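The values are calculated or read from the model by the stated rules, or taken from the named source; none is laboratory data. Note that the structure is predicted; figures quoted are calculated from it, not measured. Here the Cβ positions follow ideal geometry from the backbone for every residue, glycine too, while neighbour counts run over all protein chains shown.
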Amino acid sequence: MADVNENLVEGLKSYVQKYKTKPDVLTFEQYLAKVRGNPKIAALAHKRIYDMITSYGHEVNEELGEERYKFFETQLFGIETSTKEIMEYFKGAALGSDVGKRFLLLYGPPSSGKSNLVSMLKDALEAWSKTDDGAVYGIKGCPMHEEPLHAIPHAMRSQVEKDLGVKIEGELCPVCSHKLRHDMGGDFTAFETERVFFTQQGRTGIGTFVPSDPKSQDISELIGSVDLSKVGEYGSESDPRAYRFDGELNISNRGMLEFIEILKADIKFLYVLLTATQEKNIKTPRFPLIYCDEAIISHTNESEYKEFVGNPKNEALIDRMIVCRIPYNLKVNEEVKIYDKLLRQGEPERGHGRHQPAIHHQPPRHNRDPRRREGQHDQVHHADRRSACPEGWSGHVLEVQAGRAPEVRGPARDRETGV
C-alpha cells in the first residue's frame, strides 16, 4: 500500500483545526462583550452575505465607477453585468435600505448559470460561518437559532445599540418568548447563547425549497407544522412547544433560502413570501407573526418569467422582487474558460501536468451562434486564438458535428515531443 503524502495529511489536519465546529456556549453578558468587540457578529443576513463575498477581494475602477468581485470569477464567466446587479442588491440591503425587503429573482434561459450561482453562495456561506469573521451566535436551544439581542426589551434597545454599535431588529420567536415568561421569570439575561454553524445537510441557516405537485405539497414545508405527538403532552396546539419550526423559512433564519423554479410553485407559497420579505415575518396559524431575517434567492426560466409578469394579478408579487437576468455568455474568450473548467473537472489530474487542456475556438463559436439567433443581440467579443492555446500546451481536440454538442476526441499529440 502506497504511503499517504505527509503534506496532504498535515493539510487535512490543519483544515480540521481551522474550521473545527466545536461548541462555544456563552452567557448573555459574555455575548454582549463579544458583540462590542466585533459588531459584525450581530449583522443581518444580507450584510453577512455581502461581507462574505467581499472577503474574497474586489477591485474598483474609479474611472468607470465599476467594481469587480473575485468571488464570481472562478466559476462564472461572461455574466459580469448580472453579477454587478446582484452585488448592488446585496450592497443596498446591507446598508439597511428597503431593497432588503425584497427577494432576488434570477431568470434566464436554461443552463445560463442561475443554479450554479446560488450553489456558490450557499457553499461559501456555510464555510464563512465556520470562520472567526463569519461567526454567528444564537439563543441556545432556539429552533430558529435567533439573534440573542432580540431578548432585550424595546425600552432599552436604543441604549444598547449606542453602546454596542449595532442595530437591533426583530422579536423573540414563540419558543424563546414562552421560555422567557414561564421558565425564566422575565430575566432575559439568563439566556445562554451558542455558536451556530450553517450547514445545508443539517438544515441550519441554509434552506432549499423545491416546488412539486400543488395538490400534494403542503404549506408546512415552508412554515412548519403542529407536532400532534406533543399536543397531548402540552394540552394545546397553540403551545409553541407542540409546534415544529422546521419549515424552510424557519431553518433559513439568519442565512439564506434558495427557492428553486419559483414560478412553478402554487400561488399560496408565493404569497407567504410577501410577508417574509416586506415585513420580515412568517405568518403561522395559532401564533403571532414570527420574525425572520434571511436572504431569499429564487430562480426561474425566461419563458415562465415573461408569462408571469404578463399577468396583472401578479402585480403585488412583482413589486416584491428584485429581478436580475442571467443571459447566455456571448464572449468567445469567456466561453473558452467554461470549456477549460469543464475539462479540468472531468480530468483533474491534467491540471498538474505538462499537457494542459486547451480548447479551439470552434466549439464556443458553435454554441454562441444559436444563442444569437434566439434574439440575444449582445456584442460578441472575439478572443485571440493564442488566449485559448497558450504556448507549450497540447490539448484535447473537440469536434463539432451538425446538431450535436462538441465531443472530446482525445488528446492531441504535441508536435515537438510526439506525446
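For the list (1) in a loop (DSSP other than H, G, I, E, B); (2) surrounded by 17 or more Cβ atoms within 10 Å (Cβ to Cβ), I need the number of the one condition that Gly185 fails.
Here Gly185 meets the rest and fails (2).
With the requirement that a residue be within 21 Å of Gly247 (Cβ to Cβ), in a helix (DSSP H, G or I) and touching a residue at least 60 places away in the same chain (Cβ under 8 Å), what does the range 156-182 give you?
Correct list: Pro174, Val175, Ser177, His178.
Restricting the first residue to the range 224-245 and requiring it to be more than 17 Å from Cys142 (Cα to Cα), which pairs with a second residue that is among the small types (Gly, Ala, Ser) meet a Cβ separation below 8 Å and a spacing of at least six or different chains?
Final answer for the pair search is Lys230/Ala242; Val231/Ala242; Glu233/Ala242; Tyr234/Ala242; Ser236/Ala242.
So which residues in the range 46-72 are assigned to a loop (DSSP other than H, G, I, E, B) and touching a Phe, Trp or Tyr at 6+ places or on another chain (Cβ under 9 Å)? Outline the logic, then answer.
Our first condition is that a residue be assigned to a loop (DSSP other than H, G, I, E, B); within the range 46-72, this holds for 55-57, 62-65.
If the condition is that a residue be assigned to a loop (DSSP other than H, G, I, E, B) and touching a Phe, Trp or Tyr at 6+ places or on another chain (Cβ under 9 Å), then Ser55, Tyr56, Gly57 are the ones that fit.
I'm trying to understand the selection: among the residues of the range 288-338, which are out of contact with any Cys (no Cβ under 9 Å at 6 or more places or on another chain) and hydroxyl-bearing (Ser, Thr, Tyr)?
Selection gives Ser298, Thr300, Ser303, Tyr305, Tyr328.
Restricted to the range 226-250, and to residues that are closer than 18 Å to Arg203 by Cα and not aromatic (Phe, Trp, Tyr), which residue is farthest from the chain's Cα centre (by Cα)?
Arg244
How many residues does the range 285-302 hold that are assigned to a strand (DSSP E or B) and surrounded by fewer than 22 Cβ atoms within 10 Å (Cβ to Cβ)?
Count: 3.
Does the range 301-309 contain any residue that is within 16 Å of the chain's Cα centre (by Cα) and among the aliphatic types (A, V, I, L, M)?
No, the range 301-309 contains no residue that is within 16 Å of the chain's Cα centre (by Cα) and among the aliphatic types (A, V, I, L, M).
Considering only residues that are touching a residue at least 40 places away in the same chain (Cβ under 8 Å) and part of a loop (DSSP other than H, G, I, E, B), which ones fall in the range 112-133?
Selection gives Ser112, Gly113, Ser129, Lys130, Thr131, Asp133.
Considering only residues that are buried (at least 23 other Cβ atoms within 10 Å of the Cβ) and in a helix (DSSP H, G or I), which ones fall in the range 252-270?
Of all residues in the range 252-270, those buried (at least 23 other Cβ atoms within 10 Å of the Cβ) come to 252-259, 262.
Residue satisfying the conditions is Ile262 alone.
How many residues, within the range 136-168, are more than 15 Å from Lys179 (Cβ to Cβ), among the acidic types (Asp, Glu) and in contact with a Gly (Cβ under 9 Å, 6 or more places away or on another chain)?
The number of residues fulfilling the criteria is 1.
With Ile318, Ile322, Ile338 as the choices, which residue is modelled with pLDDT of 55 or more and in contact with a Lys or Arg (Cβ under 6 Å, 6 or more places away or on another chain)?
Details: Ile318 fails: in contact with a Lys or Arg (Cβ under 6 Å, 6 or more places away or on another chain); Ile338 fails: in contact with a Lys or Arg (Cβ under 6 Å, 6 or more places away or on another chain).
Going through Ile318, Ile322, Ile338 in turn, the sole match is Ile322.
Just to be sure, is Ser236 assigned to a helix (DSSP H, G or I), in the same structural domain as Lys34 (by TED's automatic domain parsing) and modelled with pLDDT under 95?
Values: assigned to a helix (DSSP H, G or I): no; in the same structural domain as Lys34 (by TED's automatic domain parsing): yes; modelled with pLDDT under 95: yes.
No.
What pairs come out if I take residues in the range 21-45 that are over 21 Å from Ala93 (Cβ atoms) and assigned to a helix (DSSP H, G or I) and pair them with residues that are at pLDDT 95 or above and of a type in the set (Phe, Trp, Tyr) whose C-beta lies under 7 Å away, six or more apart or interchain?
Phe28/Phe191; Tyr31/Tyr137
From the set of residues in the range 107-139 that are of a type in the set (D, E, K, R) and buried (at least 17 other Cβ atoms within 10 Å of the Cβ), which is nearest to Phe71 (Cα to Cα)?
Applying the filter and picking the extreme gives Lys122.
Taking the range 274-284 on its own, how many of its residues are closer than 19 Å to Cys173 by Cβ and part of a helix (DSSP H, G or I)?
3
Please enumerate the residues belonging to the range 303-340 that are among the acidic types (Asp, Glu) and either buried (at least 17 other Cβ atoms within 10 Å of the Cβ) or not assigned by TED's automatic domain parsing to the domain that holds Leu121 (or both).
Glu334, Glu335, Asp340
Condition check: touching a residue at least 40 places away in the same chain (Cβ under 8 Å), more than 27 Å from Leu125 (Cβ to Cβ) and either out of contact with any Asp or Glu (no Cβ under 6 Å at 6 or more places or on another chain) or in a strand (DSSP E or B) (or both). Does Thr193 satisfy that? Please lay out each step first, then the result.
Values: touching a residue at least 40 places away in the same chain (Cβ under 8 Å): yes; more than 27 Å from Leu125 (Cβ to Cβ): no; either out of contact with any Asp or Glu (no Cβ under 6 Å at 6 or more places or on another chain) or in a strand (DSSP E or B) (or both): yes.
For Thr193, the condition - touching a residue at least 40 places away in the same chain (Cβ under 8 Å), more than 27 Å from Leu125 (Cβ to Cβ) and either out of contact with any Asp or Glu (no Cβ under 6 Å at 6 or more places or on another chain) or in a strand (DSSP E or B) (or both) - is not met.
Please tell me if Gly186 is without any contact (Cβ under 8 Å) to a residue 12 or more places away in the chain, under 22 Å from Asp133 (Cα atoms) and assigned by TED's automatic domain parsing to the domain that holds Glu258.
Spelling it out, it is not the case that Gly186 is without any contact (Cβ under 8 Å) to a residue 12 or more places away in the chain, under 22 Å from Asp133 (Cα atoms) and assigned by TED's automatic domain parsing to the domain that holds Glu258.
So the check is Cβ under 7 Å with 6+ separation or different chains; which pairs have a first residue in the range 85-108 that's farther than 15 Å from Lys280 by Cβ and a second one that's in a strand (DSSP E or B) and among the basic types (Lys, Arg)?
Final answer for the pair search is Tyr107/Arg325; Gly108/Arg325.
Looking only at the range 197-215, decide whether some residue is farther than 22 Å from Pro240 by Cβ, among the charged types (D, E, K, R) and either part of a strand (DSSP E or B) or at pLDDT below 95 (or both).
yes
What are the residue pairs meeting all of these: first residue in the range 289-309, first residue under 30 Å from Ser238 (Cα atoms), second residue among the hydroxyl-bearing types (Ser, Thr, Tyr), Cβ atoms under 6 Å, and 6 or more apart or on different chains?
Ile290/Thr284; Glu294/Ser252
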